[in-house]
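Laboratory data are not the source of any read-out in this text; all were calculated from the coordinates shown. Small disclaimer: the values here were computed from a predicted structure and weren't measured. Here the Cβ positions follow ideal geometry from the backbone for every residue, glycine too, while neighbour counts run over all protein chains shown.
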Amino acid sequence: MAHDEIIDHYSALARAADSGRVVADCGQDAFEQGCFGAAGYDELGMLPEGAVRASLGCGNPVAVAELKHGETVLDLGSGSGIDVLLSARRVGKQGKVYGLDASPDMLARARHNAEQAGATNVEFLHGTIERVPLLDRSVDVIISNCVVNLSGDKAAVLAEAFRVLQPGGRFGVSDIVVDGEPNAARRAAAEQRIGCVAGALPVGEYRALLVAAGFIDVRITLTAGHGDGVHSAIVQAVKPTAGPGMEIRPMRPADAEQVLTIYQAGLDTGQASFETTAPSWEGFAAGKLPYLRYVAADIETGEIVGWVAASAVSARPVYAGVVEHSVYVHPGCQAHGIGRALMSTFIAASEDAGVWTIQSGIFPENAASLSLHQALGFRVVGTRERIGCHHGIWRDVLMIERRSTAVGR
């Protein structure tokens, strides 16, 4: 369905709920079997009957969000407000829960339900999940219930989710996914049976979009199966943690000048590489993988203070899960934990991407880098003695690697 058709569809369901009808966004058989709607919840006793009657989800994201007292939560596509009200009870009066929906009728229904429930720590916003009307880094947790799959621009949805989350913030949604890529006939059959299957992504594509947005620790857990390769699923991910006043995010072309400046500053120390001059941005981009590139940026100024990126070690398929990495921190910002934060993000993201070995070379004299890597699970696997001449001196290189305990076993 087009965007306006989706809004009209859910507005009509909200009006039906207002008239006292129990509404469902899927085939009646699936609804009655407990796959959709309020049947997925076990804590509805204190909620208004109208909120329960208009529940249209495909799971219970509140049950997996691990909400804590005092947290700020955003529900993407909040509908009649059932997940907002349940979240509001969990975060308590010191917390806050936003519900975002594009349907004015659903928002009216949700506000009425919140008033009936006496919930004072909730706020319902009119807008789209592709353009969230909240400030950067303003929420701790994002939840959603069978809504992300409806978007025609899921990359924008996930980019917005990443933007509004605090560093270390959690993404935990219920959604509809497909296992593999069903053919057109199977997808049509599933869509006829389950209205909200429209737009559902294959699991691998969903994972790739989360990683591209900057999320780490991605987990997609299939729950109920609905036939024809269609499943309800719990989708969980985390925004990388950074030090105070810092944010780690994917590297962008607009970062080129600052990234290369830090690169050159590292080379000028004489301890980072045999190279003496940073490449052009075109050369840098060509030599690095298009993913697994991150920067650490100052939240207030946007200034980049460090970066990490990966290169392929071979074009042979057997080495698809082996990468070589580079990490550079501005000389004036070292010893602040930035390198550790970048590397921790890189390690988690590499495992999400199926990498089982990260390797690199370090000069023996670069004790700080060696100590950092060893603290993060790297080991020295050998020494290449007098492997290259650097500023007139023949130097050794320690070969280090980190083998994943989660991938490639």
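Could you tell me the calculated FRET efficiency between E205 and K68, based on Cβ-Cβ distance and R0 = 45 angstrom, to the nearest 0.05? Before the final figure, lay out each step's value.
Working: r = 31 Å, r/R0 = 0.69.
About 0.90, to the nearest 0.05.
Given contacts defined as C-alpha pairs under 8 Å and at least six residues apart, what's the relative contact order of the stretch 246-403, whole-number percent? Write out the running numbers ahead of the final one.
Details: 265 pairs, mean separation 31.1, N = 158.
About 20 percent, as a whole number.
Listed highest first by mean packing, meaning other Cβ atoms within 10 Å per residue, what order do 204-211, 285-292 come in? Before the final figure, lay out each step's value.
Working: 204-211: 19.0, 285-292: 15.1.
Highest mean packing first, the order is 204-211, 285-292.
Give the lysines reachable from K154 as a straight Cα distance under 20 Å; neighbours fewer than 8 places away on the same chain don't count.
K239
Work out, step by step, the length gained on full extension between W394 and H126: first 0.36 nm times the residue separation, then minus their alpha carbon distance; give nm to one decimal.
Values: separation 268, 0.36 × 268 = 96.48 nm, distance 6.46 nm.
Computed gain between W394 and H126 is 90.0 nm.
Counting only Cα, what are the radius of gyration and maximum Cα-Cα distance Dmax of the stretch 246-403, in Å?
Every Cα atom of the stretch 246-403 included, Rg and Dmax give 15.0, 45 Å.
Would you mind computing, in nm to one decimal, how far apart the modelled labels at A256 and T277 are, each placed 7 Å from Cα along Cα→Cβ?
1.7
By a straight-distance test (C-alpha under 16 Å), which lysines pair with K68 as possible cross-link partners, with residues fewer than eight away in the same chain excluded?
K93, K96
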